1. Let me have the relative contact order for the chain, percent, based on Cα pairs under 8 Å that are six or more residues apart.
2. With springs only between Cα atoms under 10 Å apart, run a GNM on the chain and tell me which of S134, S220, S22 wobbles the most.
3. Which of E119, E83, E174 moves the most in a Gaussian network model of the chain with Cα springs under 10 Å?
4. Once the other residues with Cβ under 12 Å from the Cβ of C203 are scored (Lys, Arg +1; Asp, Glu -1), what is the net sum?
5. Quick check on the chain: helices-only [θ] at 222 nm, where DSSP H runs of length 4 and up contribute -39,500 (n - 2.57) each and the sum goes over total residues. Nearest 500, please.
6. Out of I125, I111, I32, any idea which swings most in a Gaussian network model of the chain, alpha carbons joined below 10 Å?
7. Could you tell me what percent of the accessible area of region 97-236 is made up of carbon and sulfur, with a 1.4 Å probe and every protein chain present?
8. Which net charge results when you count Lys and Arg as +1 and Asp and Glu as -1 among the other residues whose beta-carbon is under 15 Å from that of E83?
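The values are calculated or read from the model by the stated rules, or taken from the named source; none is laboratory data. This structure is a prediction, so every number in the text was calculated from the model and none was measured. Cβ placement follows ideal geometry from the backbone for every residue including glycine, while neighbour counts extend to all protein chains displayed. Side chains included, ligands, DNA and RNA excluded: accessible areas come from the protein's heavy atoms. Shrake-Rupley method; radii C 1.70, N 1.55, O 1.52, S 1.80 Å.
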Amino acid sequence: MDPQLQTLIDLQALDSKLADLSSELAKLPDQITAIQASVAESVKAVETLRAKLDTTKKEIRLKEKDLEFSAAKRAKGEARLYEVKTNKEYSAVLAEIEEIKQEKARIEEEILALMETQERLVEEIREAEVRRASREAQGKSEEAAVRERLAALEADLALLRADREARARQLPPELLTDYEKLLRHRANLAVAPVLPGGICGGCRVSLTLQTFQELKQQQSLRTCESCGRYLFWVPA
C-alpha cells in the first residue's frame, strides 16, 4: 500500500476516535449537572414538606388561641345569665352562648384536621428524608463515576492528540491541508473505504471502472470523483 495512503487511513482512524471521545466528553458536564439537580430536587422536597409542617403548626397555635378566646366569651356569656332582668334578655344570652358553643365545635374540628395534617406531614418528611439520603448517596456515587470517566477521557484524548500530531507530521503539508479541509467539510470523514460493487464509502456514489481498478492496486492516492474523499480498497 502507498505509505501516504496508509498514513491517511491511520490519521482518519485517530480523528474519528478523537471526535467520538470529544463528543462523549462534551456530554459529561451536563450529566453531572443533571445528577446534582436530581439530588437538589430531593433536598428541596424535604424543605417544602418542612415548610408546610411549620405553617400547619402555626395554624394550630392560632386556632388554639381562637379556642381560648371562644372559651372566654362563653364564660362571660354564662356570667351574664345571672345579670339579665327579663326573659327576652335571658333568651338572647342563651342564643349567644349556643353560637359560641358552635364556634368552639368548629374550631375544635379545624384543630383536629390540622393535627391530622401535621401527623401526615411528619410521616411524609420521614419518608422524604430517607429518599433524600438515598438519592444523595446514589448521586455521590454517580457523580464520582462520571468524573472518573471524564478524567479518563481527558487522558485518552491527550494521548490520541499526541499520536495524531506525530502521524500528521508524516504527510506533506499540502496533503495534510487538503485532508483537514475534507475533514471539516465532509462530516469528519476525509478517507473512506470502497464498498462492494465499487461504491464510495463516503458519498455512496459508484466509482468509474478505471478508478475502481486503480484503487485495487493501491499504488497511489485516489479520490472519489463525486465527494473528493481519499479512497482505499479493503481486500475481501
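1. Relative contact order for the chain comes out at 29 percent.
2. Greatest mean-square fluctuation among the candidates belongs to S220.
3. Fluctuation is largest for E83.
4. Net of charged neighbours comes to +2.
5. About -28500 deg cm²/dmol.
6. For the chain, modelled as a Gaussian network with Cα springs under 10 Å, the answer is I111.
7. Carbon plus sulfur share of accessible area: 52 percent.
8. It works out to a net charge of +1.
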